[in-house]
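The values are calculated or read from the model by the stated rules, or taken from the named source; none is laboratory data. Since the structure is predicted, the reported quantities are computational estimates derived from the model, not experimental observations. Virtual Cβ from ideal backbone geometry, glycine too; neighbours counted across all protein chains shown.
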Amino acid sequence: MQTNSQKTEKKQSEVSVIGSGIAGITTAFHLGKKGYKVNLIDPRVNSEINNLNPKNGTQASLGILMGNIYKRSKGRAFLLRNKSMKLWKEWLTEINYYESSFIFKKPLIKLTNSKKEYQSMVELIENKKEYGIELLDKKTLDFWNFIFETKLIGGLISHEDGRLNPIKLIKALMHSLDQLEINKIENNVIQISKNDKPHEKRWNILLEDNQSINQDYIVICSAINTQKILKSLGYKIFLEPILGQVIELELEDENKDWEKWPAILNYQSINFMHHSPNHVLMGATVESGNKPSLIKKQEMLKMNNTAPKWMKKAIISHEWNGVRARPINEPAPLLKELEVGLLINTGHYRNGFLLAPACAEWIGLKIENQ
Ligand SMILES: Cc1cc2nc3c(=O)[nH]c(=O)nc-3n(C[C@H](O)[C@H](O)[C@H](O)COP(=O)(O)OP(=O)(O)OC[C@H]3O[C@@H](n4cnc5c(N)ncnc54)[C@H](O)[C@@H]3O)c2cc1C
């Protein structure tokens, strides 16, 4: 058990968070709120935030939170989701920025034309009564049958799931980091090593320009580069790149009753969002590697040969993709305390936005209890 003076001393400790994607930003935010002296290191930490030319997986993301429609009710993945859904509500009120009220849009609707999937929707609703999920009524299904020119078997609406606008959220969080006086270091970490000098901070970080800094704690949130940074310490962390793609469609001038569209519409494993007048975003996690393939894009557009006419006639007005780091032979995400003062919060191959607050909190607890 730590004494109060040990706790105060700990809060004066210096932590470096490596990587300023959503995992690193939220870890820095959480540790900053806890009173630690935090450095956030990334060559892109001051880069423009946009998804026209995404600088990392985070800027490419769609920011969808599918926390409540998760079918399990126990285990690590469920607990992380459950915790995060609660924390996001709190965090969004704390992010003191004029745009923060526009960041989270709800609800989420999922449609299906498979009997098996419909049955699991019915079971989900039965098992998770308190999560604000309902089956779609006939009138709503008729609307989506009309939109997708099909005969759906059913669907559900999850009132508390939805979408965090990633670009607005990152801007708001970055602004909060400034208010918390988090030190942003625009640099590339080349190597980390243990400090063997007594009375000095435990860890040394070597930056690209040969500067080096000593730290009490290091949290690595550097996605696909994690294995490289840890190699000299002998740790083997295996991650592979998995691409996510987004397509923005411009539709012919047709009224699709946009006010009836939810924040997120999920159908045929594709997420749809009404974006701006007559524009729809479509996103999916489709392929391994880090180069987009034309075939996968065409498959997404064909929607398993169920694409409605309005989609076939639409033009692609914009598209982007981003690399996600998937752990090999381990469940995502990788939350680990490798040794005293050295932690990782990475391998967010999907759901990086969804799980970010619970993962940041896990890191905070580990540091507090070390
Ligand atoms: C198209 C697409 C759609 C997605 N949609 C969703 C969604 O709807 N909902 C959801 O929850 N998730 C979604 N995801 C997944 C989500 O974006 C990722 O899980 C998340 O962004 C991963 O964040 P990260 O911080 O781990 O990694 P990244 O965002 O990749 O950030 C890693 C950072 O580390 C930095 N770095 C690397 N090496 C070093 C070094 N040596 N020194 C310093 N810094 C370094 C990089 O510059 C980078 O900025 C989507 C992803 C994509 C690509």
task = Scan the range 194-205 and give yes if some residue there is surrounded by 18 or more Cβ atoms within 10 Å (Cβ to Cβ), within 14 Å of the ligand (Cβ to nearest atom) and either small (Gly, Ala, Ser) or modelled with pLDDT under 95 (or both), otherwise no.
result = no
query = If a residue has to be without any contact (Cβ under 8 Å) to a residue 40 or more places away in the chain and either within 8 Å of the ligand (Cβ to nearest atom) or closer than 30 Å to residue 295 by Cα (or both) to count, how many in the range 226-254 make the cut?
reply = 2
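Do we find that residue 338 is within 16 Å of the ligand (Cβ to nearest atom) and either surrounded by 19 or more Cβ atoms within 10 Å (Cβ to Cβ) or touching a residue at least 24 places away in the same chain (Cβ under 8 Å) (or both) in this structure?
Details: within 16 Å of the ligand (Cβ to nearest atom): no; either surrounded by 19 or more Cβ atoms within 10 Å (Cβ to Cβ) or touching a residue at least 24 places away in the same chain (Cβ under 8 Å) (or both): yes.
Considered against the rule, which asks whether it is within 16 Å of the ligand (Cβ to nearest atom) and either surrounded by 19 or more Cβ atoms within 10 Å (Cβ to Cβ) or touching a residue at least 24 places away in the same chain (Cβ under 8 Å) (or both), residue 338 comes out as no.
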inquiry  = When you check residue 210 against the structure, is it assigned by TED's automatic domain parsing to the domain that holds residue 118 and either in a loop (DSSP other than H, G, I, E, B) or within 12 Å of the ligand (Cβ to nearest atom) (or both), yes or no?
reply    = no
note = Pairs returned, first residue in the range 158-177 that is acidic (Asp, Glu), second residue that is part of a helix (DSSP H, G or I) and within 14 Å of the ligand (Cβ to nearest atom), beta-carbon separation under 9 angstrom, 6 or more apart or interchain, are 160/85; 161/85
request  = Identify, by number, the condition in (1) at pLDDT 95 or above; (2) more than 13 Å from the ligand (Cβ to nearest atom); (3) in a helix (DSSP H, G or I); (4) surrounded by 16 or more Cβ atoms within 10 Å (Cβ to Cβ) that residue 311 doesn't meet.
outcome  = (1)
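So, in the range 7-29, of the ones that are modelled with pLDDT of 95 or more and polar (S, T, N, Q), which residue ends up nearest to the chain's Cα centre (by Cα)? Break it down into steps so the answer makes sense when it comes.
Of the range 7-29, the ones modelled with pLDDT of 95 or more are 14-29.
Next, from what is left, pick out any that are polar (S, T, N, Q): 16, 20, 26-27.
Working: 16: 21, 20: 12, 26: 10, 27: 13 Å.
The residue in question is 26.
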message = Out of the residues in the range 30-57 meeting the condition of being surrounded by fewer than 20 Cβ atoms within 10 Å (Cβ to Cβ) and near the ligand (Cβ under 7 Å from one of its atoms), tell me which one is nearest to the chain's Cα centre (by Cα).
response = 55
